[in-house]
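Notes for the one structure printed next.
The values are calculated or read from the model by the stated rules, or taken from the named source; none is laboratory data. Predicted model only: the values in this text are computed from it and were never measured. Note: ideal-geometry Cβ built from the backbone for every residue, glycine included; neighbour counts use all protein chains shown. Quick note on the areas: whole protein, heavy atoms, side chains included, nothing else; ligands and nucleic acids left out. Shrake-Rupley method; radii C 1.70, N 1.55, O 1.52, S 1.80 Å.
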Amino acid sequence: MEHPENDTQYKGLQVNSGVSSQPVTNPYRRAAKRRQLTANDYVEGILKGDVSILGRAVTLVESTVEAHQQIAQEVIEKCLPYSGNSRRIGITGVPGAGKSTSIDVFGLHVLREGHKLAVLAIDPSSERTHGSILGDKTRMEKLSQQRDAFIRPSPSAGSLGGVARKTRETIVLCEAAGYDRIFVETVGVGQSETAVHSMVDFFLLIQLAGTGDELQGIKRGIMEMADGIAINKCDGDNVERAKLAAAQFRNALTLFPPTPSKWRPEVVTYSGYFELDVDKVWDMIDRYFAYVDKTGYFERKRNEQARYWMMETIDELLRSSFYNTPVVAALLEQ
Ligand code: GDP
């Protein structure tokens, strides 16, 4: 007998013989091969706002495989006429400034206003680590559960120029899919801000108070690009310091040359974590958009950005066609 416990001399517990274990793989499941979509399938799905197809199209945009790039370029071209109808907002700040916490609450704010939001990121450091942190869904807990929010981490391969181009192309796809608010997040420590600045309408710098030298850690050039500075963590013991920092930033800004839009960058304080004065941040952004709509700067900047990206694309094509010419490749080898 297999189980001595089942002998009649014992009372009480009996052991059942059990079932032999099933094979772990399901023989009835068809090989999960996804149908190859054509460029037109992608475009149709995107225009319908199909999130899964949008996600797959973005993956194509990010792919370095030549065949993927070909479809991606066709999809982008076909989506272009449906893009542009959005507010693109760049958000930067040093690590720890509270970008993800803030984007979570800013995002819910714009969703409550009835918009659809895409959160993208440019993080060239992900080249090195092969894992991008910015724009990661796990960092934006509340937002990532919202149906009308599309969150995508930074493309990870390639140069800053390449990463930036992919993000820009992703903006086109998202807009065509009906996302009328776009956030582009970046770490405010280096080069990528210039790239983000060249693709957004409003550039928000998230700053902290109480770190001693208030301008520390953030490059002056980044401050010059900002259309608004939001001082985060204005809560608890930090309120006084945050207000003081705001005054210092306002002062510092008066020393900068006027912005091309003639808009005077504003400084506000808020708390992302405790959701205090988040409205103040958005009132500032709304004021900016009202202002640039009135002056025509909105259109002008979009046109300038389009020209900038056209030149960038030409440069890139020239460079890659030069290096890929067999003669050149051979000579370089020599
Ligand atoms: P990121 O690196 O810029 O994305 O910053 P995080 O959003 O991850 O925030 C960094 C830390 O600051 C986290 O521990 C947050 O909980 C905290 N934090 C973010 N916003 C606030 C705020 O408004 N007030 C306070 N007291 N802490 C905050």
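Modelled with pLDDT of 90 or more and open to solvent by 10 Å² or more (accessible area, probe 1.4 Å): is that true of ARG250 in this structure? Here the answer is yes, as ARG250 does meet what is asked. Identify all residues within region 141-169 that are part of a helix (DSSP H, G or I) and farther than 19 Å from VAL187 by Cα; write none if there are none. If the condition is that a residue be part of a helix (DSSP H, G or I) and farther than 19 Å from VAL187 by Cα, then LEU143, SER144, GLN145, GLU169 are the ones that fit.
Scanning region 109-122 for residues that are within 16 Å of the ligand (Cβ to nearest atom) and open to solvent by less than 10 Å² (accessible area, probe 1.4 Å) yields VAL119, LEU120, ALA121, ILE122. Checking the stated criteria, TYR297 turns out to be surrounded by 14 or more Cβ atoms within 10 Å (Cβ to Cβ), free of Cβ contacts under 8 Å to residues at least 40 places away in the same chain and more than 18 Å from GLN73 (Cα to Cα).
Restricting attention to region 170-194, the residues that are assigned to a strand (DSSP E or B) and not β-branched (Val, Ile, Thr) add up to 3.
Scanning region 260-319 for residues that are assigned to a loop (DSSP other than H, G, I, E, B) and more than 16 Å from the ligand (Cβ to nearest atom) yields PRO260, SER261, LYS262, TRP263, ARG264, PRO265, GLY296. If you take the residues of region 77-96 that are of a type in the set (A, V, I, L, M) and open to solvent by 10 Å² or more (accessible area, probe 1.4 Å), which of them is nearest to the ligand (Cβ to nearest atom)? Looking at residues that are of a type in the set (A, V, I, L, M) and open to solvent by 10 Å² or more (accessible area, probe 1.4 Å), I get VAL94. ASP237 falls short on exactly one of the conditions (1) under 24 Å from ASP104 (Cβ atoms); (2) surrounded by 13 or more Cβ atoms within 10 Å (Cβ to Cβ), and that condition is (2). So which residues in region 97-108 are within 14 Å of the ligand (Cβ to nearest atom) and open to solvent by 20 Å² or more (accessible area, probe 1.4 Å)? Selection gives SER100, THR101. Within region 298-312, the residues that satisfy the criterion of being in contact with a helix residue (DSSP H, G or I) (Cβ under 9 Å, 6 or more places away or on another chain) and over 14 Å from ARG88 (Cβ atoms) are ARG300, GLU312. Test LEU215 against the criterion of being of a type outside the set (Val, Ile, Thr), assigned to a strand (DSSP E or B) and at pLDDT below 95, and give yes or no. No.
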